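Peer 1: Just passing along the structure, written as structure tokens.
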Amino acid sequence: MLLAIGAALLSALVIRLVFLQLVEGGERREQAENNRIRLLPKAPERGELLDRYGKVLVSSQLTYSLFLDPLQVRPRKWPAVLERLVPYTGMSSEEMYRKLRIAGFRSPYPVRLLQGLDPAFVIRMKEHEADLPGVRVDAELSRFYPHGKLASQVLGYTGEISEKELDRRKDQGYKLGDIVGKMGAEQLFESQLHGQWGGQQVEVDASGQVKRVLGTIKSQKGGEVSLSLDLDMQKAAEAGLEGRMGAVVVLDPRTGEVLVMASNPGFNPNMFSHKIKKKEWQEFQQLDHPFLNRGVRPYPPASTYKIIMTTAALESGLFTPKSVLHTFGSLQVGSRRFGEHNHRGFGTIGFPRALAVSADTFFYQVGLRLGPERIGAMARKFGYGERTSLNLQSESAGLVPSEAWKLKTYKQKWYPGDTANMSIGQGFNLSTPLQNAVMVSVIANGGYRVEPHLLKGEPPVKTSLSLKPETLAVVQNGLRQVVASGTARGALGTTSFAGKTGTAEDFHSHRTHAVFVGYAPYNKPEIAVSVFVEGGGHGGSDAAPVAKKIYEVFMSRKKGMQVGQPPAKTPKKVAR
């Protein structure tokens, strides 16, 4: 019996050895090799974002982060390690374990828990690293925004890749813990900025210590992306908005390049490069929608819409460049009276003067004769009612109202009063500051609708609106008169601007918004400016001065001066 038992045990041992060596031999050898040879991954440095003159808008800086190394601890032992880590991180053990599980316990890639660690935290972790196997503090490059909140909504920010996005990008070489763009240019140009992972292949002993390096693959830094933004003009625009809510957009009307996109209030993207402190988050929460890019948010265009009205009237054939209309203190439309902003009227005037003084009763009459369909058709030709090709996340299409739209939305028919409101850019009309910049660019560049874009040197995309030369001449004349003798007189000084002011009524807050669109120099335009100040008052007194600040920076560069510095003194001639 004892011999039988011994023989059975020996047979079981032999069978197990045969199974391990012959059946599972290949798999076991691979596991042993994987335990002996490991990959120490190195994340790529993210590429820089530059302005059109090569000035750094976004770069990287050295910082410390807290990582977990999945291979350093057996799966069943991780819960105990993570429980000991909770007091240091403020994260729950379940949250940390979930990150590990998603990454995989056999993953060679480190799992990031915290970024931007302060020196005190680093020292504390170093002191207790013997009690926390698989936990390490290591240096890495994190995103750095040297100008703080400047252009924050258009530059965006970065963060760790989400599970949903990881599923979509796995085939592109992305790993859990990868830093990706979450908004703005960081997101738009992710593929150019990201770079490629590298690392070292090393041989380790039974305790996991590196014995020798077998090979190195250098990580590849992401590419530089040169944006069309002009840093100095961006600073001027944001200085003009300081303390007020609103937006400024500046385009090159010849190419559609976005030179400025400012929105206030903004946020400091650097806060997302480290663990956000409680005080920092509370201050952030007090801001009024800082993530909202007001440059692509819809507002009433107000009297800047009279540019479209003039164009529609002259292109319709119902009016000529020499047409004149009598203006009034108010005008009866249906059962309502629509007033003139000066309460007196401006006498008998033509289109250029009507633009210059922004005569409401003039454009009420024009609009009632044109009708909403003709007006809406021209507005759509200028780009209203649809998103641009800029592809920013929160961009609105705005609204070009129509009889069919009102019937569907409000179950009401269209009244003449709706047409009157539409004619001065009020009522249901909505457009974004970006769309307004595209609109005024059409007048500036001689009749072409340009597609706005953020990449410097990208080939322009232009569509001819086939406007008659005499139509453009009348509108251009009127916009120059606005600055020389009209509603923007004095606000822009002696600048060679042409433009249109507007004052939008907000029936919800009972405040007025200040609007301005324009271009300069008026005889050979190089910049098209759109300004919107929420609750700002009036276009001439509150929005146009912001455009003036931008123009001064533009002219300083044209004259070869360093921006913000006085011109160099001409040396006096010395008598011989």
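Peer 1: In this structure, is K221 modelled with pLDDT of 85 or more, farther than 23 Å from A528 by Cβ and basic (K, R)?
Peer 2: It is true that K221 is modelled with pLDDT of 85 or more, farther than 23 Å from A528 by Cβ and basic (K, R).
Peer 1: Search region 98-118 for residues that are in contact (Cβ under 8 Å) with a residue 40 or more places away in the chain and pair each with any residue that is assigned to a helix (DSSP H, G or I) and surrounded by fewer than 18 Cβ atoms within 10 Å (Cβ to Cβ) when their beta-carbon atoms are under 7 Å apart and the residues are at least 6 apart or on different chains.
Peer 2: I102/E163
Peer 1: Mind checking which pairs have a first residue in region 65-77 that is over 13 Å from Y109 (Cβ atoms) and a second that is of a type in the set (V, I, T) and not in a strand (DSSP E or B), Cβ under 8 Å, 6 or more apart or different chains?
Peer 2: L66/T89; V73/V81
Peer 1: Residues E505, E526: which one is within 30 Å of the chain's Cα centre (by Cα), charged (D, E, K, R), within 30 Å of L49 (Cβ to Cβ) and surrounded by fewer than 24 Cβ atoms within 10 Å (Cβ to Cβ)?
Peer 2: Selected residue: E526, the only one of E505, E526 that is within 30 Å of the chain's Cα centre (by Cα), charged (D, E, K, R), within 30 Å of L49 (Cβ to Cβ) and surrounded by fewer than 24 Cβ atoms within 10 Å (Cβ to Cβ).
Peer 1: Next question, about the same structure. Among the residues of region 419-439, write down those that are outside any loop (DSSP other than H, G, I, E, B) and either touching a helix residue (DSSP H, G or I) at 6+ places or on another chain (Cβ under 7 Å) or surrounded by fewer than 16 Cβ atoms within 10 Å (Cβ to Cβ) (or both).
Peer 2: T419, A420, M422, S423, P433, L434, N436, M439
Peer 1: In region 523-537, what residues are modelled with pLDDT of 90 or more and not in a strand (DSSP E or B)?
Peer 2: N523, K524, P525, E526, E534
Peer 1: Quickly run through region 98-135 and pick out the residues that are over 38 Å from the mean Cα position of the chain (by Cα), assigned to a helix (DSSP H, G or I) and among the small types (G, A, S).
Peer 2: A130, the sole residue that qualifies.
Peer 1: Can you confirm whether region 359-375 contains a residue that is touching a Phe, Trp or Tyr at 6+ places or on another chain (Cβ under 8 Å), polar (S, T, N, Q) and either at pLDDT below 95 or not assigned by TED's automatic domain parsing to the domain that holds Y157 (or both)?
Peer 2: Yes; the residues of region 359-375 include at least one that is touching a Phe, Trp or Tyr at 6+ places or on another chain (Cβ under 8 Å), polar (S, T, N, Q) and either at pLDDT below 95 or not assigned by TED's automatic domain parsing to the domain that holds Y157 (or both).
Peer 1: Given the condition in a strand (DSSP E or B) and either in contact (Cβ under 8 Å) with a residue 24 or more places away in the chain or surrounded by 18 or more Cβ atoms within 10 Å (Cβ to Cβ) (or both), answer yes or no: does some residue in region 461-484 qualify?
Peer 2: Checked against the condition, which is being in a strand (DSSP E or B) and either in contact (Cβ under 8 Å) with a residue 24 or more places away in the chain or surrounded by 18 or more Cβ atoms within 10 Å (Cβ to Cβ) (or both), region 461-484 yields at least one hit.
Peer 1: Filter region 457-470 down to the residues that are under 21 Å from N436 (Cα atoms), under 22 Å from the mean Cα position of the chain (by Cα) and not β-branched (V, I, T) and list them by number.
Peer 2: Within region 457-470, P460 is the sole residue that qualifies.
Peer 1: Separate question: Restricting to helices (runs of 4 or more DSSP H) lying wholly in region 152-201: which have 1 or more residues that are surrounded by 15 or more Cβ atoms within 10 Å (Cβ to Cβ) and hydroxyl-bearing (S, T, Y)?
Peer 2: 152-155
Peer 1: Looking only at strands (runs of 3 or more DSSP E) that fall completely inside region 234-337, which ones have 3 or more residues that are β-branched (V, I, T) and in contact (Cβ under 8 Å) with a residue 24 or more places away in the chain?
Peer 2: Counting at least 3 such residues, we get 246-251.
Peer 1: Restricting attention to region 210-233, which residues are part of a strand (DSSP E or B) and among the basic types (K, R)?
Peer 2: K211, R212
Peer 1: Give G540, G502 a once-over and let me know the one that is assigned to a strand (DSSP E or B) and not β-branched (V, I, T).
Peer 2: Within the list G540, G502, the selection yields G502.
The values are calculated or read from the model by the stated rules, or taken from the named source; none is laboratory data. All figures in this text were calculated on a predicted structure; none of them were measured in a lab. Cβ coordinates were reconstructed from backbone atoms using ideal geometry, including for glycine residues, and neighbour counts include every protein chain displayed.
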